[in-house]
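Everything below concerns the one structure shown next.
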Amino acid sequence: MLRCCQPLLIRWAITFVGQDLPAFENRNEAFRLILFTFVLYTGMAVANAMYERLLNRLRCLMDMAVVGIIHNRCLTIKDGVFDEAAAVTLMSDDASEVVWASSLIHEVWSNCVELCIGMYLLADELGWVCISPLIVVLGKLPPPRLMPFALL
C-alpha cells in the first residue's frame, strides 16, 4: 500500500519545486515533504521486513506440515507393499517444492493487485497512454513453447 503512495510523493515534490511561496511557508512545506518521505520509505522498509518474516514463518509451518504428512503416510504403509525405499529420501525435496509453490501463489496475487493499482494511478496521471507500459511488457514475453509430447 505504501508503494502506491510514491506517485503522490512525486506529485507533491513537483508542485513544491514549481511554486513560489514566502520563505516561512516554503520552509514548512519542505519539512512536511521531508517528513512524508521519511515516513513513506521507513514504512516501506518495515512492511517489507514484516512480510518477509511472515512469509518465512509460513514456509516453515508448511514445510513441517508436509514433511509430517508424508512421513506419517510412509510409516503407515504395510511392510512389503513397496520394495523401493527411494521415495522416502525424496520427501524433503517434495516438501520444498510444495512450500515454494505456496509462496509463489502469494507473490502472484499480490503483484496482480499491485499492477491494477499502479495502472489506475498511471491512468489518472496520463490517461489512455497508461496502456503503453503493459504493451511493452507483453511484447517482451517469449512466445509459448510447445511441449514435445504435444507434437505427436
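The values are calculated or read from the model by the stated rules, or taken from the named source; none is laboratory data. Because the structure is predicted, anything quoted here is derived from the model rather than measured. Cβ coordinates were reconstructed from backbone atoms using ideal geometry, including for glycine residues, and neighbour counts include every protein chain displayed.
Below is a table of values for the structure above.
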item: Filter result for Asp93 (more than 19 Å from the chain's Cα centre (by Cα), acidic (Asp, Glu) and at pLDDT 80 or above); result: no
item: Every pair of residues 6+ apart whose Cβ atoms lie under 7 Å, when the first sits in segment 33-60 and is farther than 26 Å from Leu9 by Cβ while the second is part of a helix (DSSP H, G or I) and among the hydrophobic types (A, V, I, L, M, F, W, C); result: Arg59/Val99
item: Top-ranked residue of segment 16-60 - restricted to ones that are farther than 30 Å from Glu107 by Cβ and of a type in the set (Val, Ile, Thr), ranked as surrounded by the most Cβ atoms within 10 Å (Cβ to Cβ); result: Ile34
item: Cβ pairs under 8 Å, 6+ apart, first in segment 125-152 and of a type outside the set (D, E, K, R) and surrounded by 10 or more Cβ atoms within 10 Å (Cβ to Cβ), second modelled with pLDDT of 80 or more and in a helix (DSSP H, G or I); result: Cys130/Met119; Cys130/Leu122; Cys130/Ala123; Pro133/Leu122; Leu134/Met119
item: Residue check for Ser102: modelled with pLDDT of 75 or more, under 30 Å from Gln6 (Cα atoms) and of a type in the set (S, T, N, Q); result: yes
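Yes or no, residue by residue, for (1) in contact with a strand residue (DSSP E or B) (Cβ under 9 Å, 6 or more places away or on another chain); (2) β-branched (Val, Ile, Thr); (3) at pLDDT below 85:
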position	(1), (2), (3)
Pro7	no, no, yes
Thr37	no, yes, no
Ala49	no, no, no
Glu52	no, no, no
Arg57	no, no, no
Cys60	no, no, no
Asp79	no, no, yes
